[in-house]
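Working notes, structure below.
The values are calculated or read from the model by the stated rules, or taken from the named source; none is laboratory data. Note that the coordinates shown come from a computational prediction; the quantities given were computed from them, not determined experimentally. Reconstructed Cβ throughout: ideal geometry from the backbone, glycine too, with neighbour counts over all protein chains shown.
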Amino acid sequence: MNHFAYSKGQLYAEGVPLTDIASRYGTPAYVYSKQALSDHFLAYQQALSGKSHLICYAVKANSNLAVLKVLADLGAGFDIVSAGELQRVLRAGGRADKTVFSGVGKRADEIEYALKVGIHCFNVESEGELDQIQGIAARLNVPAAVSLRVNPDVDALTHPYISTGLKENKFGIGIDTAVTVYQRAATLSHIDVTGVDCHIGSQLTEIAPFLDALDRTLALVDNLSESGITIKHLDLGGGLGVRYKNESPPPIDDYIAAILNKLGNHDLTLILEPGRSIAANAGILLSKVEYIKDNGDKKFAVVDAAMNDMIRPALYEAWLNIESVVYRDSKTEEVYDIVGPVCETGDFLGKDRRLAIKPGDLLCIHSAGAYGFTMSSNYNSRPRAPEIMVDKETAHLVRARESIDSLMQGERTLPEAQ
Ligand SMILES: *Cc1c(COP(=O)(O)O)cnc(C)c1O
C-alpha cells in the first residue's frame, strides 16, 4: 500500500496533509511513514516465519534514531558499517547481539567497541582484517564470531556504482581463495567461524543474480563442511530493488520464497541485510518551488531542495517520481527540469517532468527514504533538512533542521599574529 497518496486533491503522508507539514516545519524536509517502514519490515518477517532467520536492516540506508527504534521494536537486527552506526543502533534500543558489522575498512577502535558490546558477527572482508580482529579479541580475551564476505563473482545487473559482487570490485574475498582463508581462520585462537556472507549489489530487480550467488555460497558451505568447518549461518546481504519509475522488482515474498526453495534442507540460519527495500518507499522529500525560469528552449523549476539534500540523481542517474503536492488542472502542465540552488550543473532532482506548478507550490520527491538524508551534506553551507515521521494522524519532528550556527560549530580562525 502507498502511504503517500492523494486525497481530496492533495498529497498526504498517512493521515497528514503534506501542506500542513510544510507550514509547520518549512521546506525542504524529509517525511517518513511509520506504517510504510513497518509494513516493509513485516513483509520480510512474515515471509521468513518458520525459518531460523535474522533480518538485519542496513542502517546506512536511513539511520535516524526514530527509524531504527520502529524497526528495533519489531524485532529487527541491524547491519552496520561504522562505530557511529553501532552507537545509533544501541541508542535506539537495538540489540548488539542481533547486529552484524560489514565494511572493507573497519578500524581497530571500531572492532574493539563492537567486541566489547558483543555484536553477533563480523563480516570480514580481507585476511588483514581477520588478523586484526584476532589480535584485538586475544587482547580482550573474548571470542570474535566471524563470517567471511565472499565475492561470488556474479553480475548484479545494476548501476556500476552499486554493483559489488564482481571480481573487479573492492569488496569481499574471492570465492576461490575463501576455503584457504577459512581454514586459517579456524586455527586462530579467538576467532569463532560462524558464517558465510555475501552482498552483491543494490537495487537488483531480478531474482536470478541472488540465486546464482546463493548457489555459489552454498557450494562453499558444503566444501567447508567436508574440511571439518561447520557453518551456522548464511548471510545473503541486502540489495533487493524497489520501484522508482517502472521497474518491477520481485515482491519481498517471492524473493524470500525463491531463496528458501534453494536453501532446501540446509540447516542454516538465514541472515538478510535489506536497506533500500525497507526505507526507500517509506519516505519523501518535500520541497518548494522558488522560481519558474524560462530560457527559451527549456523551462526550469528552481526549488529549495538541492543535490546536497538528495544526491542520488547526480551520483547514480537515479530517477525519482516528482509530484505536485496540491493537484492543479493538467491543462496548465509544462515540461520542466527540477533544479536546486547549488552551483553545479549536476544539481537537479529531475529532468523533463510534466507538471502544473507555479512559484510557491510544494513538490513531493518520492522514494527518498533510503540513501536520501544519510547521503546529504552541507555543501554550499546549506543546513541539512529536518526529518519528520508521520504516525497515522500525527507528524513528529525526529530531527530538527540544522542551524547556520551548527554549521560552523567547531571551526575557528588562526590566532592573531603577535
Ligand atoms: C549497502 C549494503 C546493504 C544494503 O543494501 P540495500 O540495497 O539498501 O538493501 C547490505 N549489506 C551491505 C554489506 C551493504 O553494503
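Structural remarks
- Sole residue being surrounded by fewer than 18 Cβ atoms within 10 Å (Cβ to Cβ), at pLDDT below 95 and not hydrophobic (A, V, I, L, M, F, W, C), chosen from Asp97, Asp73, Asp131, Asp155: Asp155
- Counting only strands (runs of 3 or more DSSP E) that sit completely within the range 293-344, those holding 3 or more residues that are in the same structural domain as Ile357 (by TED's automatic domain parsing), in contact with a Lys or Arg (Cβ under 8 Å, 6 or more places away or on another chain) and at pLDDT 95 or above correspond to 299-303, 334-339.
- The set of residues from the range 255-290 being exposed (fewer than 15 other Cβ atoms within 10 Å of the Cβ) and either within 16 Å of the ligand (Cβ to nearest atom) or part of a loop (DSSP other than H, G, I, E, B) (or both) comprises Gly264, Asn265, His266, Asp267.
- Residues of the range 204-215 classified as in contact (Cβ under 8 Å) with a residue 60 or more places away in the chain and within 14 Å of the ligand (Cβ to nearest atom), total: 1
- Residue that is farthest from Leu355 (Cα to Cα), among those in the range 235-289 that are among the β-branched types (Val, Ile, Thr) and within 20 Å of the chain's Cα centre (by Cα): Ile271
- Hits in the range 216-238 (condition: of a type in the set (Ser, Thr, Tyr) and within 16 Å of the ligand (Cβ to nearest atom)): Thr217
- Selected residue (only one of Val31, Val16, Val59 is surrounded by fewer than 24 Cβ atoms within 10 Å (Cβ to Cβ), in contact with a strand residue (DSSP E or B) (Cβ under 8 Å, 6 or more places away or on another chain) and modelled with pLDDT of 95 or more): Val16
- Residues located in the range 41-63, provided they are within 15 Å of the ligand (Cβ to nearest atom) and closer than 16 Å to Ala279 by Cα: Phe41, Ala43, Tyr44, Ile55, Cys56, Tyr57, Ala58, Val59, Lys60, Ala61, Asn62, Ser63
- Check on Ala66, within 18 Å of the chain's Cα centre (by Cα) and within 14 Å of the ligand (Cβ to nearest atom): no
- Residue within the range 191-203 that is at pLDDT below 95, within 16 Å of the ligand (Cβ to nearest atom), assigned to a strand (DSSP E or B) and under 19 Å from Ala58 (Cα atoms) present: yes
- Test: residue in the range 46-55 that is in a helix (DSSP H, G or I) and either more than 22 Å from Ser287 (Cβ to Cβ) or free of Cβ contacts under 8 Å to residues at least 12 places away in the same chain (or both): yes
- Condition check for Val335: surrounded by fewer than 14 Cβ atoms within 10 Å (Cβ to Cβ), of a type in the set (Val, Ile, Thr) and within 22 Å of Gly296 (Cα to Cα): yes
- Only one of the numbered conditions (1) more than 30 Å from Arg243 (Cβ to Cβ); (2) of a type outside the set (D, E, K, R); (3) surrounded by fewer than 17 Cβ atoms within 10 Å (Cβ to Cβ) is not met by Ala208, and that is (1).
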